[in-house]
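Have a look at the structure below, then the notes.
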Amino acid sequence: MSSVSQELKDTSVASSKWLDAHYDPVANLYTFSSCIGESLLHEHLVVGDLGTGVCNMKLKVYRGTGLLSESTLLDLPTGLVSFLMDLHKPRTPAIAVASGTFIYVYKNLRPYFKFTLPSLEVNPLEQDVWSQAKEDMIDPVTLKEMLEGLRDKAEIPLSVRSLRFLMLEPQEMENFVLLQKEQPIRRQTVITCIGMLKKNMADEDAVSCLVIGTENGDVYILDPEAFTILYKMSLPSSPTLMDVTGQFDVEFRITVACRNGNIYILRRDSPKPKYCIELSSHPVGLVRMGKNVVVGCTHETLHGYTQKGKKLWTAYLPAPVTTMALMDLPTRGFQAVLVGLANCEVHMYRDKNLISTIKTPDVVTSICFGHYGREDGTLIMTTKGGGLIVKILKRTAVFDDRDSAPGPPIAQSIRLNVPKKTKLYVDQTLRERENAVAMHRAFQMDLSRLRLAAAWAYVKALESSLTPMSASLTEPLKMNAVVQGLGPSFKLTLNIQNTAACRPVMNLAISFLYDENLYSMRTAFFKIPLLVPGLNYPIDTFVECLSDKGISDIKVFVLREGKSAPLLTAHINMPVSEGLALN
């Protein structure tokens with residue numbers, strides 16, 4: 001039994017596209033995909049560790065699989081990027097870590113610069129209220145009532161000091177006012193996401209600008225050397241996820257997922273969003289693949305959109321999305337989206353096709369793929385329990401575009417080549433809009449006439465017994481005919497059946513009507529025996545073809561003694577006599 005399981009394990013390892021390079025389940029790394037990245041020289045792995053969420057926040061740097069250094073962070077990191085600040089040699093990349101209202105820039109693994117977000121406008125009514133409290137014109141209870149009124153009605157939000165004061169118990173208010181009333185009021189925002197934008201060249205080692213999104217819905221682009229604000233854009237809601245492409249001096253696009261459940265696309269020529277994508281559920285992952293945007297949502301779905309917000313496809317996932325990342329292999333010209341799921345799996349999607357699945361020992365919380373060390377395809381993942389997983393893509397690995405998930409074939413998702421609208425089509429559309437009522441009335445009139453003509457023909461067929469089924473309730477019969485032979489002699493078989501429930505039918509006869517110049521029959525009239533319900537009665541006769549001048553139909557009548565009208569009628573289309581033509 002153990003040998004069989006070992007053989008299955010060896011087979012699965014051989015068929016896998018990944019090599020297990022390293023796994024440390026107790027690495028104590030608690031982070032997200034936005035807080036993990038590789039340096040531009042591909043030598044170091046930089047991780048912004050969240051610690052416990054309250055303390056032990058650190059910036060950790062790995063070389064290979066070993067911890068090289070760590071620095072303490074004063075607040076929770078929200079994102080980090082590796083970028084080049086200048087063209088000075090040697091080219092040394094810097095690490096920018098967004099934390100609270102600051103961006104900490106590290107160079108050569110040492111603190112280099114700290115950028116602070118500009119202060120926001122303070123509500124003048126709030127300043128006036130605190131000025132009165134400073135001069136002891138109002139007591140803390142009155143101060144609280146006035147601040148609560150401002151919080152509910154003011155267009156400019158209150159500062160952190162006022163919000164914290166409103167949360168205090170009555171016995172703590174007086175001490176808080178004594179400590180804070182002499183300090184100036186400031187309203188600061190915090191950074192929610194960070195990205196990197198090339199300055200004027202698309203090369204990998206080009207100088208890059210920092211792009212940051214803030215809690216109050218602003219997006220700033222910073223100068224890489226002076227760290228001044230080059231460009232400012234505004235969003236309707238707070239950004240949470242960001243993807244940047246292009247060059248600042250040429251053209252760029254910033255795709256931002258916001259807290260209101262929408263995705264906005266910003267461009268260079270507009271400080272406001274150019275396009276908006278409304279999602280059915282909140283986004284938890286955002287990746288740009290080529291010219292398309294792939295979004296993972298909370299309802300266990302993966303959506304693909306164009307740059308202008310047009311929906312391309314939707315893929316349904318077996319578990320909620322925990323993280324997403326781009327898998328880019330420039331040497332092979334291959335791109336895919338890595339999606340971490342809550343069921344301890346990482347799915348690889350190319351468009352809407354699932355092309356590979358990676359099993360993990362724990363739920364993956366962050367994914368980073370790229371060139372690390374000497375390997376071009378290194379997959380680095382951290383888990384919910386603080387583990388670190390490193391996998392290396394085999395050089396012989398081949399990914400099929402065929403969808404490995406069960407479901408409809410790929411051909412079903414191929415878009416049809418719909419032709420463009422012609423001038424004739426447009427003219428006809430305009431004519432239908434202008435004359436819609438008249439055209440509808442004409443259509444209804446023609447449809448009514450068609451129904452009336454069909455009803456008349458049906459009644460006429462029933463009255464003249466021209467159908468192969470009897471309309472009589474006393475003699476419900478059904479008949480069909482079969483012609484056999486090549487000619488000039490044909491065998492004609494009539495199958496007659498009584499469709500009544502329990503009543504037999506008797507005193508029936510069959511008569512044939514045909515062109516005597518073309519055909520002759522041995523028996524053109526004969527009686528039918530008693531027909532028992534449910535049984536099929538075959539009746540045979542022979543037809544001789546006399547001439548090759550043409551063909552004609554033979555009519556078969558089922559008659560009842562004492563009645564002139566037939567019970568039913570059948571028309572037999574006679575074939576061409578091949579034997580007569582040969583003679």
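Annotations for the structure displayed:
- Considered as a group, the residues in the stretch 341-379 that are open to solvent by 50 Å² or more (accessible area, probe 1.4 Å) and not in a strand (DSSP E or B) include one that is modelled with the lowest pLDDT, and that residue is ARG374.
- Candidate set from the stretch 430-466 (those that are of a type in the set (Gly, Ala, Ser) and not in a helix (DSSP H, G or I)); member that is modelled with the lowest pLDDT: SER465
- Considering residues of the stretch 267-320 that are out of contact with any His (no Cβ under 8 Å at 6 or more places or on another chain) and aromatic (Phe, Trp, Tyr) only, the residue most open to solvent (accessible area, probe 1.4 Å): TYR316
- Tallying residues that are under 15 Å from ASP218 (Cα atoms) and aromatic (Phe, Trp, Tyr) within the stretch 246-282 yields 1.
- Unmet criterion (only one of (1) open to solvent by less than 50 Å² (accessible area, probe 1.4 Å); (2) at pLDDT below 85; (3) out of contact with any Gly (no Cβ under 7 Å at 6 or more places or on another chain)) for THR493: (2)
- Residues satisfying the stated conditions in the stretch 326-340, i.e. part of a strand (DSSP E or B) and not aliphatic (A, V, I, L, M): ASP328, PHE334, GLN335, GLY340
- Qualifying residue in the stretch 268-278 (condition: modelled with pLDDT of 90 or more, more than 30 Å from HIS88 (Cα to Cα) and not assigned by the TED database to the domain that holds SER159): no
- Considering residues of the stretch 66-117 that are open to solvent by 80 Å² or more (accessible area, probe 1.4 Å) and of a type in the set (Lys, Arg) only, the residue modelled with the highest pLDDT: LYS114
- Here ASP152 meets each of (1) of a type outside the set (A, V, I, L, M); (2) open to solvent by less than 90 Å² (accessible area, probe 1.4 Å); (3) over 29 Å from HIS371 (Cβ atoms) with one exception, condition (2).
- Taking the conditions (1) farther than 15 Å from ALA96 by Cβ; (2) open to solvent by 50 Å² or more (accessible area, probe 1.4 Å) in turn, ALA226 satisfies each one other than (1).
- Test: residue in the stretch 179-198 that is open to solvent by less than 60 Å² (accessible area, probe 1.4 Å), touching a Lys or Arg at 6+ places or on another chain (Cβ under 6 Å) and within 22 Å of CYS35 (Cβ to Cβ): no
- Taken together, the residues in the stretch 251-265 that are touching a Leu at 6+ places or on another chain (Cβ under 7 Å) and polar (S, T, N, Q) amount to 2.
- Failed item, numbered, when ASN507 is tested on (1) open to solvent by 20 Å² or more (accessible area, probe 1.4 Å); (2) in contact (Cβ under 8 Å) with a residue 40 or more places away in the chain; (3) closer than 17 Å to MET574 by Cα: (3)
- Total residues in the stretch 234-260, condition touching a Lys or Arg at 6+ places or on another chain (Cβ under 7 Å) and either more than 23 Å from VAL294 (Cβ to Cβ) or open to solvent by 10 Å² or more (accessible area, probe 1.4 Å) (or both): 12
- Boolean, GLU516 is open to solvent by 50 Å² or more (accessible area, probe 1.4 Å) and either hydrophobic (A, V, I, L, M, F, W, C) or in contact (Cβ under 8 Å) with a residue 40 or more places away in the chain (or both): no
- Residue within the stretch 381-401 that is within 23 Å of THR306 (Cα to Cα) and at pLDDT 85 or above present: no
- In the set (1) assigned to a loop (DSSP other than H, G, I, E, B); (2) within 22 Å of LEU235 (Cβ to Cβ); (3) open to solvent by less than 30 Å² (accessible area, probe 1.4 Å), VAL219 fails one condition alone, (1).
- Some residue of the stretch 527-539 being over 28 Å from GLU578 (Cβ atoms), open to solvent by 80 Å² or more (accessible area, probe 1.4 Å) and among the charged types (D, E, K, R): yes
- Residue that is nearest to VAL26 (Cα to Cα) [pool: residues in the stretch 53-84 that are assigned to a loop (DSSP other than H, G, I, E, B) and not aliphatic (A, V, I, L, M)]: THR65
- Strands (runs of 3 or more DSSP E) (entirely within the stretch 519-572) containing at least 3 residues that are in the same structural domain as THR499 (by the TED database), under 26 Å from ALA500 (Cα atoms) and not acidic (Asp, Glu): 525-528, 536-545, 553-560
The values are calculated or read from the model by the stated rules, or taken from the named source; none is laboratory data. The structure presented is a predicted model; accordingly, all values stated were derived computationally and were not measured. When we count neighbours, we look across all protein chains shown, and the Cβ atoms used for this are built from the backbone with ideal geometry, even at glycine. The protein model used for the area step is the full one, side chains on, heavy atoms only, and it has no ligands, DNA or RNA in it. Shrake-Rupley method; radii C 1.70, N 1.55, O 1.52, S 1.80 Å.
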